[in-house]
Amino acid sequence: MKQKKLKTQTFGDGTGSIGVAAGFTLVDQKRDSILLTGPDGTQVALGQYGSTIVPQAVQFGAEGYFTVTPDLSDPVRATADFVEQQGRKTGKPMRLKILEQKAVPSQGMRAVLLRYRIEGAAPFEGFGLFAAGPVGNGMGQTYASFIGATSAAAFKKYAPAMLAMWQSRKTNFGSKAFTEVPVELAEKMETMRLQAIEVRKLL
């Protein structure tokens, strides 16, 4: 079935716009932080920031606000620790399984592309750009933009549309943290190459 073109939606705060595929809804947006949800548990989450802390700097209650991780510059470990900690908080044990990974150039933080699966009580198939770096005093910051779905079949079906929405994002402020566009990023991953080619048909 031929997919329809994206419908441009301008952000209410005037910071940009994004193309939205049929069946998807823009549910949250603050500057460059964007969340869209769609059918079959699909999700496009762009510009997601988080805070990390090393174990020796943890004080009482810090786990509620930080991801505790031993290496503030390792985006893979930080992502895995975040998933496991979220599982403990929600009572739904989860773990990150890496299907493919590739380091990519970044500014100020180490960044990596991940094709991954979250296993356990809340399964999720995903692909995204994840970065991490220290900010001082045993604390750090993470950045993530990713697409995914609650099943492998849904991910395969909707990946082209989700990548196209990511690709269509436009912002009216500052320089982007990562200059490579999602299609170019996806084509570096063998498991995403065909989906990336399909993206261009939607733009």
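For every residue, the table says whether it meets (1) exposed (fewer than 15 other Cβ atoms within 10 Å of the Cβ); (2) over 16 Å from the mean Cα position of the chain (by Cα); (3) under 25 Å from residue 28 (Cβ atoms).
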{"position": "100", "(1), (2), (3)": "yes, no, no"}
{"position": "104", "(1), (2), (3)": "no, no, no"}
{"position": "132", "(1), (2), (3)": "no, no, yes"}
{"position": "150", "(1), (2), (3)": "no, no, yes"}
{"position": "165", "(1), (2), (3)": "no, no, yes"}
{"position": "168", "(1), (2), (3)": "no, no, yes"}
{"position": "185", "(1), (2), (3)": "no, no, yes"}
{"position": "193", "(1), (2), (3)": "yes, yes, no"}
{"position": "203", "(1), (2), (3)": "yes, yes, yes"}
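Here is a check on your reading of the model: is residue 144 crowded, with 16+ Cβ neighbours inside 10 Å and at pLDDT below 95? Criteria not met by residue 144. For segment 39-50, check the following and say yes or no: at least one residue is more than 16 Å from the chain's Cα centre (by Cα), at pLDDT 95 or above, open to solvent by less than 40 Å² (accessible area, probe 1.4 Å) and of a type in the set (S, T, N, Q). So far as segment 39-50 goes, no, none of its residues is more than 16 Å from the chain's Cα centre (by Cα), at pLDDT 95 or above, open to solvent by less than 40 Å² (accessible area, probe 1.4 Å) and of a type in the set (S, T, N, Q). For the structure I just gave you, tell me whether residue 141 is within 15 Å of the chain's Cα centre (by Cα) and over 29 Å from residue 84 (Cα atoms). Against the criterion (within 15 Å of the chain's Cα centre (by Cα) and over 29 Å from residue 84 (Cα atoms)), residue 141 does not qualify. Being touching a residue at least 60 places away in the same chain (Cβ under 8 Å), in a loop (DSSP other than H, G, I, E, B) and open to solvent by less than 30 Å² (accessible area, probe 1.4 Å) is the filter; apply it to segment 6-23 and report the residue that is farthest from residue 200 (Cα to Cα). Only one residue tops the list, namely 15.
Scanning segment 100-148 for residues being of a type in the set (Asp, Glu) and under 24 Å from residue 90 (Cα atoms) gives a total of 2. Among the residues of segment 39-80, those that are part of a helix (DSSP H, G or I) and farther than 25 Å from residue 27 by Cα comprise 55, 56, 57, 62, 63, 75, 76, 77, 78, 80.
Out of 73, 33, one residue alone is within 18 Å of the chain's Cα centre (by Cα) and either exposed (fewer than 15 other Cβ atoms within 10 Å of the Cβ) or on the phi > 0 side of the Ramachandran plot (or both). It is 33. Taken together, the residues in segment 1-30 that are out of contact with any strand residue (DSSP E or B) (no Cβ under 7 Å at 6 or more places or on another chain) and small (Gly, Ala, Ser) amount to 5.
The values are calculated or read from the model by the stated rules, or taken from the named source; none is laboratory data. Everything numeric here is computed off the predicted structure, so don't read it as measured data. Heads up, the Cβs are rebuilt from the backbone with ideal geometry, glycines too, and the neighbour counts pull from every protein chain shown. Please note that ligands, DNA and RNA were not included when accessible areas were found on the heavy atoms of the full protein model with its side chains. Shrake-Rupley method; radii C 1.70, N 1.55, O 1.52, S 1.80 Å.
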